[in-house]
Structure formats: C-alpha cells, structure tokens
Amino acid sequence: MDLITVAREAGLEFKVNVRGHEFSSDMSVSDGGRDAAPAPAELVGGALGACIAMMVQAYCDTCGYTDGEVGVSLAVELGDNPKRVAGFVIDLELPADVPEEKYDVIMRVAEKCSIHETLANPPRVDIDIT
Amino acid sequence: MEQKEFGGKMLDIDEDGFIQDPEDWNEAVAADLAKTEGVEELTENHWKIVHYLRDYYLQYNMAPMIRKLCKQTGFKLKEIYDLFPSGPAKGACKVAGLPKPTGCV
C-alpha cells in the first residue's frame with residue numbers, strides 16, 4: 001500500500017494524507033482538542049463500518065438484492081486500563097429483499113472484511129523514532 | 001467540585017456534567033440533565049431507556065453493554081442515538097444519573 005502521512009494542522013488536529021486524499025483527526029474539546037474532526041478511535045470505527053458495508057453491498061449486488069441499500073450504524077465502546085477501544089456495536093441494515101435464510105451467510109461476509117479480520121488478528125505495530 | 005441546580009436541588013457535578021451521587025437522582029433531575037444534552041422533553045421512549053439503565057446500574061453497579069441495552073429495550077442503535085444524540089454512554093447514562101463512562105473519545 002502507499003505511504004500514509006500525518007502532519008499537524010493546529011492544536012491536536014492532524015491532517016492525514018492517503019494517496020492524495022486528505023482528511024483530519026482531532027480530539028474533543030473535553031479531551032484537549034477543538035473537535036474539528038473525528039477522533040482517531042472514531043476513525044477506526046468508521047473504517048470498520050465502511051469495510052463491512054462494502055463487503056455486504058458487493059455480496060448483495062452479486063446476488064441481485066436491490067430493494068434498498070446496505071447501511072451500518074456503529075457505536076464505539078471505550079475501555080480503561082489501558083485506554084482503548086473495548087468494543088464495537090454494529091447494526092447492519094440490508095436491502096428488503098434479502099431473505100432471512102441468507103442472514104448467516106451475510107454475517108460471515110461481514111466478519112470476513114479485512115478490517116474485521118485485522119481486529120480479530122491484531123497486526124504487528126513497529127514504531128521507530130526518525 | 002462544581003455545583004449546578006437540577007430538579008430544584010444543588011448537586012455536585014463533574015467537568016462533563018455528570019452528577020456525582022446517583023442517590024441524588026430523581027425524574028425531575030433527569031429532566032434537567034436531559035436539557036443539558038439537547039433533549040428538551042423526555043418521551044416515553046426516553047424513559048424506557050433511562051429506567052432500564054438505572055435499574056441495571058442499581059442491580060449490577062455498572063452500566064450495561066450497548067448491545068444489551070438495545071436487545072432489552074428493543075431499540076436499534078440508531079434509534080438510541082436519535083433519542084440521545086450524544087449516545088448511550090455520555091447522553092443516556094448522564095440522564096439516568098449514572099457515573100461518567102470511562103474512555104477518552
């Protein structure tokens with residue numbers, strides 16, 4: 001994958017650049033930021049929700065389920081000691097013509113998305129000071 | 001410790017507006033706490049969530065997981081956020097007089 005860069009914008013707000021696409025991340029006011037953009041943990045939640053939605057939408061498109069769109073509502077549950085994301089709660093909406101007997105298959109499709117797999121099998125994180 | 005009036009009583013609150021003593025809670029306090037979360041009127045659906053959270057907390061001394069809240073009250077996640085825009089943890093728990101949830105987001 002291409003290089004992702006993160007550069008300070010102002011205060012605790014940082015701009016992320018991915019292949020020319022830019023977005024920001026900031027902390028809430030109560031956590032010392034200006035709430036100018038989603039917090040990093042919220043971006044992780046957004047990445048998981050988007051990844052699940054893409055996979056399930058592709059499955060529905062392939063199977064011809066077209067009565068409505070795939071949608072995700074997601075909440076991030078936080079934990080302490082250490083501070084972290086402790087869980088994600090996800091409601092998945094499906095096109096109305098998806099038969100109930102396909103729900104198990106769709107759950108497996110959702111759980112096979114790369115971000116879900118990444119969270120289920122934590123990656124190595126190698127940090128160096130340069 | 002900052003104090004603010006809720007339900008006609010001066011109550012200790014933390015920096016995020018959570019009341020410090022759950023025993024101070026009553027429905028008048030809840031109604032005023034809700035206004036600080038942008039909820040001007042507590043409907044039957046709000047009360048269903050608030051009472052479930054409070055009963056759970058009084059029984060287990062902790063807030064329920066969000067999925068359990070959804071299952072037990074019958075609300076979808078999005079419906080909970082429609083009722084409490086700041087969410088089940090920072091919004092609904094505050095209105096129910098529970099301690100501030102942990103975490104930094």
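The values are calculated or read from the model by the stated rules, or taken from the named source; none is laboratory data. These numbers were taken from a predicted model, which means no experiment stands behind them. These area figures cover heavy atoms from the full protein model, side chains too; ligands, DNA and RNA do not enter into them. Shrake-Rupley method; radii C 1.70, N 1.55, O 1.52, S 1.80 Å.
Values for this structure:
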{"item": "Gaussian network model of chain A, Cα within-10 Å springs - most flexible of A:R84, A:R34, A:R19", "result": "A:R19"}
{"item": "Compactness of segment B:53-99 as Cα Rg over 2.2 N^0.38 Å, two decimals", "result": "1.04"}
{"item": "Share of Cα-Cα pairs in the protein assembly as shown lying beyond 21 Å, as whole percent", "result": "65 percent"}
{"item": "Accessible-area composition of chain B, carbon plus sulfur, in percent [1.4 Å probe]", "result": "48 percent"}
{"item": "Spatial extent of segment B:2-95: Rg and Dmax, with the Cα atoms as the point set, Å", "result": "12.6, 36"}
{"item": "Spatial separation of Cα centroids for segment A:1-80 and segment B:1-74, in angstrom", "result": "30 Å"}
{"item": "Prolate/oblate/rounded label for segment A:39-122 (Cα gyration tensor, a/c 1.5)", "result": "prolate"}
